[in-house]
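Visitor: Quick one: this structure, given as structure tokens, is what I'll be asking you about.
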Amino acid sequence: MAPPKRKTGGGRVTAKGTRPGDRPASGHPTTDHHEVSASSRYTPKQERRQLIPPNWIPVIMLILLIGGGLLIMARYLIFTDSNWPTLVGLAAILGGLYTATKWQ
């Protein structure tokens, strides 16, 4: 059984006769010039410094993807007694996919 619906007062939230642009006056005057005005709602994100230049991202991605594939193939051709090349190859492929998400 569903819980009963919440009952609200069903009336005005703001005082009668106010408009959307009206704001109540604050109790203290603003003398600080670093403060954002009351009507401002959007603050843009600050630019983050990229650690890797954007032109290197596809190169790193391709090296990791191709290197991971070659390591997995080398496991079956050269390193037949060990599973480490397979694990390292899978980690390299995952690193290449992660790098692909950083490419813009």
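Visitor: Under the definition of Cα pairs under 8 Å and six or more residues apart, what whole-number percent is the relative contact order of segment 56-104?
Guide: Working: 54 pairs, mean separation 26.4, N = 49.
That works out to 54 percent.
Visitor: Each residue of segment 81-96 in order: what ³J(HN,Hα) in whole Hz does its phi give by Karplus 6.51 cos²θ - 1.76 cosθ + 1.60, θ = phi - 60°, with x for Gly and Pro?
Guide: 9, 9, 9, 4, x, 5, 5, 5, x, 5, 5, 5, 5, 5, x, x
Visitor: While we're here: Starting from the Cα coordinates of segment 56-104, work out the convex hull volume and express it per residue in Å³.
Guide: Normalising the Cα hull of segment 56-104 by residue number yields 45 Å³.
Visitor: If R₀ is 41 angstrom, what is the calculated FRET efficiency for the pair residue 76 and residue 42, using the beta carbon separation as r and rounding to 0.05?
Guide: E between residue 76 and residue 42, to the nearest 0.05, is 0.15.
Visitor: Under a 1.4 angstrom probe, counting protein chains only, how are 75, 12, 48 ranked by accessible area, largest first?
Guide: Details: 75 40, 12 160, 48 215 Å².
Correct descending sequence by accessible area is 48, 12, 75.
The values are calculated or read from the model by the stated rules, or taken from the named source; none is laboratory data. Quick caveat, the model's predicted, so the values are computed rather than measured. Glycine also receives a Cβ, built like all others from the backbone with ideal geometry; neighbour counts cover every protein chain displayed. Each accessible area value is taken on the protein alone, full model and side chains, heavy atoms only, with ligands, DNA and RNA left out. Shrake-Rupley method; radii C 1.70, N 1.55, O 1.52, S 1.80 Å.
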